[in-house]
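Everything on this sheet refers to the single structure shown next.
Each reported figure results from applying straightforward, stated rules to the coordinates on display, with no laboratory input. None of the values given here were measured: they were computed from a predicted structure. Positions of Cβ are backbone-derived with ideal geometry, glycine not excepted, and every protein chain shown enters the neighbour counts.
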Amino acid sequence: MHLYIMEIQDYNWCDQDERFLPFVSCERRDRIKRYIFDIDKKLSLYGALLIRTGIIKKLNCENNSLKFALDEYGKPHLLNNRDLYFNMSHTRNAVICGVADVPIGVDIERIAEPCYDITEKCFHNDERALLGAQGNEQKELFFKLWTQKEAYTKCSGVGICQDLTKINVLDKEVQEKIITGFYADYVYSVYLEKSMEEVNLVKMTVDSLAEIFMRKHIDGRSIKNVMRY
């Protein structure tokens, strides 16, 4: 499977961003316009484009053929292909998404000063014990555990409304389905419902997205406007 990651280099909304709007849905465009801060607009826009990129490449299909719906937890899925799964996450100025043949959850965080106060409410006893024994590597481990926990809960579709202290991502069966990696100042984790397959991280840029969405054809197929999501 592939993970697609993109850093937002320019925090200001510009004409370049406007040119991508026709390739996302009316609902997405309305959502983008409601954001106050430019960085939130950009994360929403490019998150949707990364998901579409992953699906287009996976299915070798047209962008305008993608139709989405939401499940009872508000998690989007493809209407015309329920056997394909995807998930997206963003943090500050980076966004990541994954597309797979089995249920998937992804999360990304920028490594900064951790808020250790949340560990009692969000971390399992085993996780807190490991975190307390790490010394200089405690900061990276905190975000590694947090992204793993987020990816795990997002895969289930119910998110962090679960009691996170009862979820132990150090459990062997969980670890077999998780891959965690580091990219620049970020840590990301992906959880797949079945045993982990090979994961390839694909760095995307505005130019590479323009190559996909703004040229007239992808592999001989015309790219038109889009449906939901």
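General observations
- Scattering from the chain was approximated by placing one identical point on each alpha carbon and applying the Debye formula without solvent; log10 I(q)/I(0) at 0.07, 0.15, 0.17 1/Å stands at -0.23, -1.02, -1.27.
- Look at Y73, Y183 and count the other Cβ atoms within 10 Å of each Cβ; fewest to most, that gives Y73, Y183.
- Taking every Cα-Cα distance in segment 22-126 and sorting them into 10 Å bins starting at zero, the pair-distance distribution P(r) comes out as 12, 39, 32, 14, 3 percent.
- Nonlocal amide H pairs with H2, under 5 Å, H built at 1.01 Å: V99, N200
- Exposed loop positions in the chain were taken to be trypsin sites (Lys or Arg not before Pro) whose DSSP state is not H, G, I, E or B and which have at most 13 other beta-carbon atoms within 10 angstrom. Between these positions, the longest stretch is 83-193.
- Calculated SAXS-style log₁₀ I(q)/I(0) at q = 0.11, 0.20, 0.26 Å⁻¹ - segment 111-191, Debye, Cα scatterers: -0.26, -0.90, -1.49
- Each of K139 and C61 was given a label point 7 Å from its Cα along the Cα-to-Cβ line. The distance between the two points is 4.3 nm.
- Loop-located GluC sites (Glu not before Pro) in segment 1-100, at most 10 other Cβ atoms within 10 Å (DSSP): E72
- Order of D38, D171 - criterion: other Cβ atoms within 10 Å of each residue's Cβ, fewest first: D171, D38
- Each Lys and Arg contributes +1 and each Asp and Glu -1, all at the Cβ; summed about the Cα centre of the chain, the dipole is approximately 920 debye.
- Summarising the label geometry, the points placed 7 Å from Cα in the beta-carbon direction at R19 and F182 lie 3.6 nm from one another.
- Tilt relative to the chain, helix 138-156 - C-alpha long axis, 0 to 90 degrees, to 10: 60 degrees
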